[in-house]
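Quick note: the coordinates plus some simple rules give every number you see, no bench work behind them. The shown structure was predicted, so the numbers you read here are calculated from the model rather than taken from an experiment. Here the Cβ positions follow ideal geometry from the backbone for every residue, glycine too, while neighbour counts run over all protein chains shown.
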Amino acid sequence: MNTFFSGRRCLVSTGLSIVVLLGALVSVPANADDPYLATWTSLYPASTTDNVAGCQTCHAASTQNLNPYGRDFCLQGGSVAARIQAVEDQDSDADPTGSDNLTEINANAQPGWTTAAVPTYSRGNCQPTGNTETAPFSGLLDPAPAPEICDNGIDDNDNGLVDCEDPQCDGFVDGATSCGVGACASTGNLVCSTPDQIDNCTPGTPQAEGPFNDASCSDGIDNNCDGLTDADDPDCAEPPEICDNGIDDNLTGLTDCEDPQCDNFVYGPTSCGVGACVAEGQDVCQTPDIVDTCQPGIPGGEGPFGDATCGDGIDNDCDGLTDAADPDCEAPPEVCDNGIDDNGNGLVDCADPQCDGFVGGACATGQRGICAAGTFVCGGRGQVCEQNQPAGTEGPFGDQTCFDVLDNDCDGLTDADDPDCDPVPEICDDGIDNSGNGLVDCADPACDGFVGGACDTGNLGICAAGTTACRELQQFCDQNEPAGTEGPFDSPTCDDGLDNDCDGLADADDPDCDVPAEICDNGTDDNANGLIDCEDPQCDGVTFGACDTGNPGICSAGTLTCDGSAIGPVCTQDQAAGTEGPFGDASCGDGLDNDCDGLTDAADPDCAEPVVEICDNGVDDTGNGLVDCADPECDGFVDGACDTGEPGICAAGTFVCENLGQVCSQNQPAGTEGPFGSPTCEDGLDNDCDGLTDAADPDCAAPVADVFLSRLQVPKKLNVRAGTVTSRKATVRGDGTQLTQDATVVLTGAGCLLYTSDAADERG
């Protein structure tokens with residue numbers, strides 16, 4: 001037997017195909033490492049065979065030749081480890097024990113040596129060389145096993161391992177593969193990795209697609225690897241333009257009506273015209289402007305006086321004036337306080353129906369409170385004292401009528417003295433301002449802490465039941481109990497008929513009770529059906545928490561929900577838009593945008609306080625086409641002072657709305673001036689409204705004794721015609737005595753006969 005060598009280092013020499021070195025000659029440098037021997041040792045760490053044989057585990061006396069074990073190793077294919085393992089079940093040395101190579105290795109024996117002469121083989125071609133036996137090569141060893149074909153499903157080398165199961169096939173590439181979509185697309189191979197065939201293709205990492213107008217939405221690439229590219233991907237979808245919020249919602253640079261999406265959007269109704277011309281229309285978006293479509297009717301004719309159009313109650317010519325209030329229907333006016341039949345119909349002043357409603361001076365009605373003040377008016381063919389305003393109401397408590405220092409209901413009691421102003425307790429759940437302080441139900445501090453009846457929270461399942469409560473001037477629906485849990489499977493909560501976790505699903509309908517259950521927000525296919533999270537129908541309807549829908553008001557609150565679209569949770573609006581208003585409703589003071597129009601409480605026109613006509617501002621406050629006194633609401637309205645155009649104390653008047661028009665009503669009637677010595681002759685007033693005051697008024701003149709005009713000096717050629725009045729300075733003598741001062745003598749044709757002679761002394 002050849003000499004044995006010890007040690008695990010040997011000289012590595014290359015051959016034409018496969019080089020196998022498992023030992024070292026004593027002449028080989030000690031620092032030459034052998035990877036073949038290292039692999040062999042790692043496979044059989046418990047064996048001491050190599051410690052005895054070293055390189056001669058595979059070699060003959062010369063490392064240039066192979067022993068039968070090394071020859072069998074040489075004939076294999078694949079990695080070093082695969083080739084070593086491929087000959088474990090062979091009996092390379094054909095020794096008398098009949099043991100296979102692995103048995104001998106585990107027994108610390110040499111698998112390639114026997115006590116007989118050992119055949120050797122050239123390392124270059126694995127052919128026998130220097131064989132001391134006469135038997136040919138084919139008789140020394142069993143025919144070499146066929147190599148394993150790694151993709152035919154056959155155990156070609158009869159080692160019980162097929163294709164990738166066989167270590168010979170380790171690293172074998174069976175074909176190209178691909179994986180991923182879009183930007184994540186990649187390639188790989190089907191590779192044998194004993195004992196399995198694996199696909200080493202690894203898809204790329206998804207990137208973001210969108211949002212709208214991002215460069216990723218127009219690059220022609222499926223960046224997020226969901227199979228959808230650019231505009232086809234919902235992540236790039238253009239958001240809709242909300243046409244009345246003043247925001248460029250879809251990022252086009254166009255806001256509301258500027259955006260063609262809003263073309264024909266209707267903002268609200270409009271009205272135009274007055275009288276018979278009143279019409280309705282709409283504010284409509286006609287890109288890029290808001291256009292009012294309202295077109296007033298065509299005016300007709302009103303009048304003349306006596307025409308049917310002057311009594312039909314219609315403003316036919318659309319000038320804001322109807323029938324008698326329209327100058328086109330006016331009859332010749334009767335001056336109602338001059339004692340003259342001005343329009344020649346035989347009826348004077350108040351006797352003339354034209355004067356019906358004529359307003360004169362102030363008078364007292366004999367009533368109490370605001371009902372006491374009256375005005376003399378023409379009515380019923382006579383002058384009557386007409387009450388200026390009807391009795392109103394006093395109260396309820398908190399109303400301005402309870403602190404305006406007026407007896408508004410004419411019962412002789414004012415403000416707090418009137419029981420109508422006594423406070424009334426607020427009932428907190430009837431929708432009425434019971435206390436009259438302008439605050440309804442929970443908006444009244446008196447209701448703070450009030451607990452009412454049952455209500456619906458708007459949530460699902462056991463979370464729906466609530467109780468109304470007043471807090472911080474608002475009404476709340478307090479949830480009676482918190483959300484619990486549904487499941488797990490076999491839990492009592494899965495067969496109690498209740499939606500315990502408030503997700504809208506009860507018992508078996510709730511995925512929390514499914515087995516196995518898909519966890520819908522962990523990115524894992526928990527039930528191994530190939531569908532992950534929201535892709536799995538088990539997740540349809542599952543919610544993940546609060547989100548913002550992007551809508552205004554109460555419509556903004558949403559819940560992330562799997563909706564069966566297989567693209568992830570969507571934000572589902574929690575509650576539909578409600579109503580805001582009308583004025584005084586709890587919705588106008590709850591701090592919420594209940595109708596989702598972007599306007600809250602007082603800022604929402606739906607909550608606007610009903611408009612009344614202000615009767616002295618020149619504005620159509622109610623929008624009915626009638627301004628100030630032309631609006632029937634203003635009948636009886638009393639405004640500021642005015643000038644009647646009459647002299648003296650008759651000049652002072654007050655503007656009053658009457659018969660759809662404004663008139664200046666004289667404050668007091670004409671009185672008397674005089675006689676001489678009366679206080680009216682020295683009060684500085686024109687009391688009888690004749691334009692003359694105190695001493696200037698003849699009614700206040702001092703009495704004068706009769707004087708016989710003995711001599712009248714008048715200018716010559718004085719012509720006086722009957723019915724005329726003239727005056728001249730003249731010297732008047734009486735009883736032959738000249739007066740001490742000049743006097744003005746009024747000469748009238750009716751008073752005396754005057755001559756135009758040159759006589760110096762004439763009698764008259």
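Sorted by average packing, counted as other Cβ atoms within 10 angstrom per residue and highest first, what order do 301-310, 420-429 take?
The packing order, highest mean first, is 420-429, 301-310.
Where the only charges are on Cβ atoms (+1 Lys, Arg; -1 Asp, Glu), what is the dipole of segment 186-318 about its Cα centre, to the nearest 20 debye?
About 100 debye.
Could you give the length gained by full extension between Ser99 and Ala81, i.e. 0.36 nm per residue of separation minus their alpha carbon distance, to one decimal place?
Extending this stretch completely gives an extra 4.4 nm.
With each pseudo-label sitting 7 Å past Cα toward Cβ, what's the Asn264-Thr293 distance in nm, one decimal?
Here the answer is 1.0 nm between the modelled labels.
Would you please give the FRET efficiency between Ser565 and Leu43, computed as 1/(1 + (r/R0)^6) with r the Cβ-Cβ distance and R0 = 45 Å, to the nearest 0.05? If you can, show how the numbers build up before the last one.
Working: r = 55 Å, r/R0 = 1.22.
For Ser565 and Leu43, the calculated efficiency is 0.25.
As I understand it, the dipole of segment 190-236 uses +1 on the Cβ of Lys and Arg and -1 on the Cβ of Asp and Glu, about the Cα centre. Which of Phe212, Cys236, Asn223 lies farthest toward its positive end?
Of the listed residues, the answer is Asn223.
Based on the Cβ-Cβ distance of Asp683 and Ile432, what FRET efficiency does E = 1/(1 + (r/R0)^6) give at R0 = 60 Å, to the nearest 0.05?
0.55
Residue-wise, which Karplus ³J(HN,Hα) couplings in Hz belong to segment 504-520, taking 6.51 cos²θ - 1.76 cosθ + 1.60, θ = phi - 60°, and x for glycine or proline?
Those phi angles translate into x, 10, 10, 6, 5, 6, 8, x, 5, 9, 7, 9, x, 9, 7, 7, 8 Hz.
Compare the Cα positions of Ile519, Thr549, Cys502 along the charge dipole of segment 495-553 (+1 at Cβ of Lys, Arg; -1 at Cβ of Asp, Glu; about the Cα centre) and return the one farthest towards the positive end.
Farthest along the dipole direction, towards plus: Thr549.
What distance in nm separates the two pseudo spin-label positions at Asn624 and Asp643, each 7 Å out from Cα along the beta-carbon direction?
3.4
Distances over 20 Å make up what percent of all Cα-Cα pairs in segment 440-513?
43
For segment 429-493, which chymotrypsin sites (Phe, Trp or Tyr not before Pro) are in a loop by DSSP, counting at most 16 other Cβ atoms within 10 Å?
Answer by residue number: Phe489.
Write down the radius of gyration of segment 228-386 and its Dmax, each obtained from C-alpha positions, in Å.
29.7, 97
Would you grab the residues whose amide H sits under 5 Å from the one on Glu386? Only those 5+ places off in sequence or on another chain, please, with H modelled 1.01 Å from N.
Distant-sequence amide H within range of Glu386: Thr375, Phe376, Val377.
Please list, ordered by chain and number, the residues whose modelled amide H lies under 5 Å from the amide H of Thr270; skip anything fewer than 5 residues away on the same chain.
Answer set, sorted by chain and number: Gly281, Gln282, Asp283.
Between Ala483 and Thr579, what is the label-point separation in nm under the 7 Å Cα-to-beta-carbon projection?
Inter-label distance under the simple model: 3.1 nm.
Using θ = phi - 60° and the Karplus form 6.51 cos²θ - 1.76 cosθ + 1.60, what ³J(HN,Hα) does each residue of segment 482-492 get, whole Hz, x for Gly and Pro?
Result, ordered by residue: x, 5, x, 10, 10, x, x, 3, 6, 6, x Hz.
Relative to the present Cα-Cα distance, how much length would full extension add between Asp635 and Ala215 at 0.36 nm per residue of separation?
Values: separation 420, 0.36 × 420 = 151.20 nm, distance 6.81 nm.
Gain on extension, Asp635 to Ala215, equals 144.4 nm.
Could you pull out the chymotrypsin sites (Phe, Trp or Tyr not before Pro) across segment 354-397 that fall in loop regions by DSSP (anything but H, G, I, E, B) with no more than 16 other Cβ atoms inside 10 Å?
Here the sparse-neighbourhood loop sites are Phe397.
For Thr524 and Phe305, calculate 0.36 nm times their separation in residues minus their Cα-Cα distance, and state this gained length in nm to one decimal.
Details: separation 219, 0.36 × 219 = 78.84 nm, distance 9.10 nm.
That works out to 69.7 nm of additional length.
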